[in-house]
Amino acid sequence: ALSMFATTAGLYGIPWCKKSLLLTVMMSVIGASMGILDTGGNVLALNTWGAEAGPHMQALHFSFAAGAFVAPILAKMALGGPEREDLPVVEKTNESVPTASAASAFSALKQHLGADFLWSYVVIGTYLLLVSVFFFILYSRSSSARDKSKASLQKGTLARYHYALIALLFVFFLCYVGAEVTYGSYIFTYAKVFAEMKENEAAALNSVFWGAFAACRGVAIFCAACLYPGTMIVMSIIGSAVSSSCLAFFASYPVSLWVGTAVYGASMATIFPSGISWIEQYTVVQGKSASLFVIGAALGEMCIPAVVGYLQGKFHHVPVVMYTALVTSAMTVLLFPVMYKLANSPGESDLKETSDSEDRKALLSNSGLNEDEEDEEDVGEWNEADFEVIEMNDTLRNSVVETSRKIPGDSPAKVALQPHLDDVSHDSPAVAGGSPGMKNVNADREKND
């Protein structure tokens, strides 16, 4: 909400800036607020939907692609096209200072388009102001949701190579976004200079790239519901590698240029949102991590087109744009398997749990293997104890019978032997189990008594 409110203030202030320094400040405010919005929007989507954030992330970035595709068309319709009959044409000159006719053309252009530019900024700023107010209302009513998101973040655990993954994904997004912006910015010039297309054909080729980009992001909203983010990334980097190879080596053929441009735009569409959804499955993505992703993307958007423009100026006959697309695609193809390997490496807690479970399994397996042997040994011991008790009781019975014959009545020997018989009968496990031998002993004792 705060970032969109700052963007609104910048848009309201730009039409009234009469000094270049003030205009620079306003544009910097808009750039900073949009960077915060890009970071906070991704983290907010992850915190709101968690593991089910894939389709929502694709929808979030589809809105960017749709705006990037529609905005130039609307601007061209609002401004009435690049050529107007009532405006003087600027003369081509190699001098750094504009000629008199150029100055008159600029003043006429300013007078004609001043009102349109003013109302464009006012309308867009008002729209963002309404969205900002809507987010402030959501924020005031989402205390429970914030507590829930904080609890979910506390429950999450960092990956074993968390910082290495963040650094590699930083480079991954730098290459990807740099290649995307570079191709979208220079394909018009490439089509006119190298392919020798007309202006309308070159503009159509540029529209094919951004149209395929936006359309594929729209389709990815539904694909994200049934495909894993890693699967979508693999499909995208393979498509970008194949299409960039065709563009680098076969762009002289018109069919290859048109088809390669469409496939390249479609392949580049889902990498950024899928990358954020993919890394969220393995580690905790907070504001700091997401800001690094956005910084990497912004650096790629700023540096790679500048380097390509400088090299293209040095080497006029070399299609630097196509070779840049090929090199960045190769970088993404090499980086993702490394990130996948690091993300799937077990952490310290997983290693401890694995070792503990293996120890338990080893103990249980050893005890399970010896259970039958122990049961057999126990049965053998019980049987031996039964026979020993029976033999001992038979001996005691014979001695009692002989003593009773010699000594009439209740003799001290019989009294002394009786507790021993009772102890044997109570202490023996066989007696407790009701063995047949002990039943016979008890019957003989009753007869003797």
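Can you tell me the order of 255-266, 185-196 when each peptide is scored by its average per-residue count of other Cβ atoms within 10 angstrom, highest first? Don't skip to the end; give the middle numbers.
Working: 255-266: 20.1, 185-196: 18.0.
Highest to lowest by the protection proxy: 255-266, 185-196.
Taking 0.36 nm per intervening residue step and subtracting the Cα-Cα distance, what contour gain separates Val70 from His317 on full extension? Intermediate values should be presented prior to the final figure.
Details: separation 247, 0.36 × 247 = 88.92 nm, distance 3.27 nm.
Additional length available on full extension: 85.6 nm.
Might you report the magnitude of the Cβ-based charge dipole of the range 161-346 about its Cα centre, with Lys and Arg at +1 and Asp and Glu at -1, to the nearest 20 debye? Walk me through the numbers before you get to the answer.
Working: 6 positive and 6 negative charges, 42 e Å.
Using Cβ point charges on Lys, Arg, Asp and Glu, the range 161-346 gives about 200 debye.
How high is the FRET efficiency between Leu2 and Leu342 when r is their beta carbon distance and R₀ equals 41 Å, given to the nearest 0.05? Working shown, then result.
Values: r = 35 Å, r/R0 = 0.85.
Efficiency for this residue pair is about 0.70.
In nm, what is the difference between 0.36 nm times the number of residues separating Ser207 and Val242 and their Cα-Cα distance?
Working: separation 35, 0.36 × 35 = 12.60 nm, distance 2.08 nm.
Contour length minus Cα-Cα distance gives 10.5 nm.
Going highest first, how would you order 273-279, 327-333, 40-46 by mean Cβ packing within 10 Å?
Details: 273-279: 26.0, 327-333: 19.6, 40-46: 21.3.
Per-residue mean Cβ counts within 10 Å order the peptides as 273-279, 40-46, 327-333.
Read-outs: derived from the displayed coordinates by stated rules, not from any lab. Predicted model, so just to flag it, every value in this text is computed and none were measured. Here the Cβ is made from the backbone with ideal geometry for all residues, glycine too, and neighbour counts use every protein chain on show.
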